[in-house]
1. Anything in region 42-71 that is closer than 30 Å to MET115 by Cα, touching a residue at least 12 places away in the same chain (Cβ under 8 Å) and either open to solvent by 40 Å² or more (accessible area, probe 1.4 Å) or under 16 Å from the mean Cα position of the chain (by Cα) (or both)? List them, or say none.
2. Hey, among VAL145, VAL186, VAL204, which residue is in a loop (DSSP other than H, G, I, E, B) and modelled with pLDDT of 95 or more?
3. When you scan region 108-121, how many residues do you find that are buried (at least 22 other Cβ atoms within 10 Å of the Cβ) and acidic (Asp, Glu)?
4. Kindly provide the set of residues from region 101-117 that are under 19 Å from ASN132 (Cα atoms) and either touching a Lys or Arg at 6+ places or on another chain (Cβ under 8 Å) or small (Gly, Ala, Ser) (or both), ordered by number.
5. Name the single residue that is surrounded by the fewest Cβ atoms within 10 Å (Cβ to Cβ) among those in region 122-131 being outside any strand (DSSP E or B) and modelled with pLDDT of 90 or more.
6. Sort out which residues of region 22-33 are within 12 Å of GLY135 (Cβ to Cβ) and either part of a strand (DSSP E or B) or in contact with a Cys (Cβ under 7 Å, 6 or more places away or on another chain) (or both), and write them in order of number.
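The values are calculated or read from the model by the stated rules, or taken from the named source; none is laboratory data. As the structure is a prediction and not an experimental result, all values here were calculated from the model. Heads up, the Cβs are rebuilt from the backbone with ideal geometry, glycines too, and the neighbour counts pull from every protein chain shown. The area values use the complete protein model at the heavy-atom level, side chains included, leaving out ligands, DNA and RNA. Shrake-Rupley method; radii C 1.70, N 1.55, O 1.52, S 1.80 Å.
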Amino acid sequence: PKQPDATATERVSTGTGFFVARDGSFVTNAHVIEDCTMIRVKTDDASVLDARIIASDAINDLAILRLDKSPKKIAALRVGIRLGEGVAAFGFPHADILSSSGNFTVGNITALSGMGDDSRSFQFSAPVQAGNSGGPLLDMFGNVVGVVSAKLNALKMAAEGGDLPQNVNFAVKSAILASFLDANRVTFEVAASAGQKPLEAADVADQARAISGFVVCK
């Protein structure tokens, strides 16, 4: 879930998002911007920009924002990923106490469907926290394969079943994102399908940080 800021006098919540087009189109989760009257995004170059909502899809938990900025780097979407393939998540979890420059974690695709065999999402093991919602999930070639959307409530599961699940997280598949962008006439970049070599994790982190932004909702 998005992260509420309990110290604010007005309701403030935060999340993550990333650029998908040169016109400033920016993707996050629908639940991150739900009920917002003002949305601002801090980008990698420390710019803080107002954002307006272009489209929101509560069913698939996706939203498109528009920022008055032409980003230097945008996501390249890759549709389809293999079970066990390495992935990395980038976001701004617990922004009140953790690094304001973002948090990068690595893991694997652990299931090709989400909760209840939901085919719109998949499960991954890269650790994420409150505030990661809406951030990119990348393969080790630097392509976006999903949008981080949820994590299993470990405390609830432990209370109900006596077991504490670890790193059970979910992302909306890039195929669903691509359809959503198409439906809203947002032109996006498709990942190259040949000739790619895996990147070092630090290089994937550089790409993730360059396309991502910290979302603040009031």
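1. Selection gives ILE53, ILE54, SER56, ASP57, ALA58, ASN60, ASP61, LEU62, ALA63, ILE64, LEU65.
2. When all the criteria are applied, what remains is VAL186.
3. Number of matching residues: 0.
4. Answer for region 101-117, where residues must be under 19 Å from ASN132 (Cα atoms) and either touching a Lys or Arg at 6+ places or on another chain (Cβ under 8 Å) or small (Gly, Ala, Ser) (or both): SER101, GLY102, PHE104, GLY107, ILE109, GLY114.
5. SER125
6. Listed by number, the residues that qualify are PHE26, VAL27, THR28, VAL32.
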